[in-house]
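First the structure, in the form of structure tokens, and then the observations on it.
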Ligand code: CP
């Protein structure tokens, strides 16, 4: 595997999930595997979990991680081909990515969408420019349309929490927010949950349909209460509109989950990728209560990343 950018197959997902759980029990067992190798973690956008968990994962494998916050510390990058660079950009992506590719054994990139240029975002233009010009193995730390390390950690968490259960009902529910938020986490979660064979229901207010490329195979139920019935796992996430691209269609706060939403899903566990805006996306009551497994999810980010890096190292 040279690139980790999306769900590939159930067989590979199962292998990565098993390896992540193995590393959780034995974090330092492969200390020699990455010895003498470097991973460059390139952030074009902010991060807490992805930044820290990827570095810890690399260190667990004996690798040296180097983090660059390109949005703050690097030269302003030009992404377009053939432009006269007489404005704000200082270095072309084809030069920067080639240099980074020669410095590192693995590159890991975070590049959010603009949410204004739909075509560029759905083509994952910036992220793919790094792949095109770096020549190195690349791990997605969240691109314009996917967040596969988050989704792998989510699948690890579901596997860990559901024990021997063969099939679990997973609900992805939209939550209110005051800002226009990317689709990457919701897209990826849907892609991985369906790919891993879970029974996935997606619920959201009218106008928040996701790109069907990612949701094909999920039940779409616009009545949140119906969707939640008998859920084993409820994944809470905001996203902006896809059809009316990047817009906030509603901020209806009745969609924020409280205990009363779980009348017909007594055993449901609640997941969120974090960061979460308390009492806007999710109530304190849920986040601080017994249903919440958000901290376990965040912890599993380390072992998901470790599993992927280990797989790329071979
Ligand atoms: N869930 C997630 O990716 O968190 P960060 O944005 O803090 O990395």
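Throughout, read-outs are computed from the coordinates displayed, never taken from laboratory work. Just so you know, these numbers come straight off a predicted model, no measurement behind them. Cβ: placed from backbone, ideal geometry, glycine included. Neighbour counts: every protein chain shown.
Working from the Cα coordinates of the range 54-206, the gyration tensor eigenvalues give, after taking √(5λ), semi-axes of 33, 21, 12 Å in decreasing order.
Multiplying the residue separation of residue 299 and residue 251 by 0.36 nm and subtracting their alpha-carbon distance yields 14.3 nm. Placing dummy labels 7 Å off each Cα toward the beta-carbon, the span from residue 11 to residue 84 is 5.4 nm. At what distance in angstrom do the alpha carbon centres of the range 284-306 and the range 32-102 lie from each other? Each part's Cα centre sits 27 Å from the other's. Histogrammed with a bin width of 20 Å, the alpha carbon distances of the chain distribute as 33, 57, 10, 0 percent, first bin at zero.
Each helix, a run of at least 4 DSSP H residues, gives -39500 (n - 2.57); summed and divided by the residues of the chain, these come to -11000 deg cm²/dmol at 222 nm.
Springs join every pair of Cα atoms under 10 Å in this Gaussian network model of the chain, and among 238, 300, 216 the largest mean-square fluctuation is at 216.
Largest GNM mean-square fluctuation among 88, 62, 34, using the chain with Cα springs under 10 Å: 88. Here 174, 192 are placed in order of increasing Cβ neighbour count within 10 Å, fewest first, which gives 174, 192.
Once the Cα atoms are used to define both axes, helix 49-60 deviates from the longest principal axis of the chain by about 60 degrees. Ordering 149, 77 from the fewest to the most neighbouring beta carbons within 10 Å gives 77, 149. With viscosity 0.692 mPa s and temperature 37 °C, the Kirkwood radius over alpha carbon pairs of the range 85-127 converts through Stokes-Einstein to a diffusion coefficient of 267 µm²/s.
Among beta bridges from DSSP that stay inside the chain, the antiparallel ones total about 0%. Note on the range 202-249: Cα-Cα pairs beyond 13 Å make up 60% of the total pair count.
Principal semi-axes of the equivalent ellipsoid, √(5λ) from the alpha carbon gyration tensor of the range 150-298, are 21, 18, 14 Å from largest down.
Here the gap between residue 206 and residue 123, fully extended at 0.36 nm per residue and compared with their Cα-Cα distance, gives a gain of 27.4 nm. Of the residues 303, 133, the one with the fewest other Cβ atoms within 10 Å heads the list, and the complete ranking is 133, 303.
Could you state the angle between the C-alpha long axis of helix 93-103 and the longest principal axis of the C-alpha atoms of the chain, as a value from 0 to 90 degrees rounded to the nearest 10? So the inclination is approximately 80 degrees. Between 221, 73, 64, the GNM of the chain built on Cα springs shorter than 10 angstrom shows 73 fluctuating the most. For the range 245-314, averaging the sequence separation of C-alpha pairs within contact (under 8 Å, six or more residues apart) and dividing by the residue count gives a relative contact order of 31 percent. Using C-alpha pairs under 8 Å with a sequence gap of at least 6, the mean separation divided by the residue count of the range 150-298 gives a relative contact order of 28 percent.
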